[in-house]
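The values are calculated or read from the model by the stated rules, or taken from the named source; none is laboratory data. A quick note: this is a predicted structure, and the numbers were derived from the prediction, not measured. No Cβ is skipped: glycine too gets one built from the backbone with ideal geometry, and neighbour counts run over all protein chains shown. Note: accessible area is taken over every heavy atom of the protein model, side chains too, but ligands, DNA and RNA are not part of it. Shrake-Rupley method; radii C 1.70, N 1.55, O 1.52, S 1.80 Å.
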Amino acid sequence: MFGKYRQKNLDNWHYRNLFWSIVLLLFFTMFVKTRMGGTITSILFTVTILVMVKNMAISSLWKTFLRGLVVIALGCDLLTLLISNPTISQRLFTWADIVYAVFFGAAVITISQQLNKAQKVDQNILLGAISVYLLIGVFWFLLYRISYIISPTNFNELQSDGINNFVLLYFSFTTLTTLGYGDITPTDSIAMGLSNMEAIVGQMYSVVFVARLVSLYTTDINRHTQTREEHESD
């Protein structure tokens, strides 16, 4: 009895863990700047991805393969803290970020498709929609970080300070929300193109997906209102 109730509760809230794992990831990436903070951020990336894999509508075999792949990526990320050779560390760091970016991009597409099939708006759907929006920001943060490794002069703010997770994450979300304060600006074609695409995707997601949620919510209210009026008339 308890087992069935617990499983039903988990099924109804299967985006809650994803939402909170993203919130923790953003918190540590933004406010923890120590060397240990980098390790914690890498672990939180892995935890977030594992939660995403759990929410994907794929076979258990594929889930096992993806979990193994992300563990390897985490290993590469953590090895950069131990290896003194900067060339090897940079390659490991880049490969780990590429794997993370592929996972986050795939999760945005997969979870969006799952949410698009929803016929009713509830707390689970809302948490899923917010999670996807946050994932888009994190996904572009990884793309900016990869582009910085390729071209260290692609952002004016980072040319003297080196790679800074806080600055890149801040830039990603200000671009996603199209705030554009102007304190950080891309200086080459790669960074410019990425920032343009993020702004477009952020606006399209807000307009198209939020409009669908509002439409579903309105339809559901009208259906309940009509049903209640029919019962009252009877």
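Looking at region 57-73, which of its residues are surrounded by fewer than 19 Cβ atoms within 10 Å (Cβ to Cβ) and aliphatic (A, V, I, L, M)?
Ala57, Ile58, Leu61, Leu69, Val71, Ile72 - these are the residues of region 57-73 that are surrounded by fewer than 19 Cβ atoms within 10 Å (Cβ to Cβ) and aliphatic (A, V, I, L, M).
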Within region 185-211, residues at pLDDT 90 or above and open to solvent by less than 60 Å² (accessible area, probe 1.4 Å) come out as Gly193, Leu194, Ser195, Glu198, Ala199, Val201, Gly202
Flag if Val121 is open to solvent by 10 Å² or more (accessible area, probe 1.4 Å) and in a loop (DSSP other than H, G, I, E, B): yes
Region 162-194, residues that are more than 23 Å from Phe28 (Cα to Cα) and in a helix (DSSP H, G or I): Ser189, Ile190, Ala191, Met192, Gly193, Leu194
Subset of region 39-49, residues of a type in the set (A, V, I, L, M, F, W, C) and either surrounded by fewer than 18 Cβ atoms within 10 Å (Cβ to Cβ) or over 23 Å from Phe27 (Cα atoms) (or both), comes to Ile40, Ile43, Val47
Only one residue in Ile98, Ile109, Ile146 is under 23 Å from Val23 (Cα atoms), exposed (fewer than 14 other Cβ atoms within 10 Å of the Cβ) and modelled with pLDDT of 85 or more. Which one? Ile109
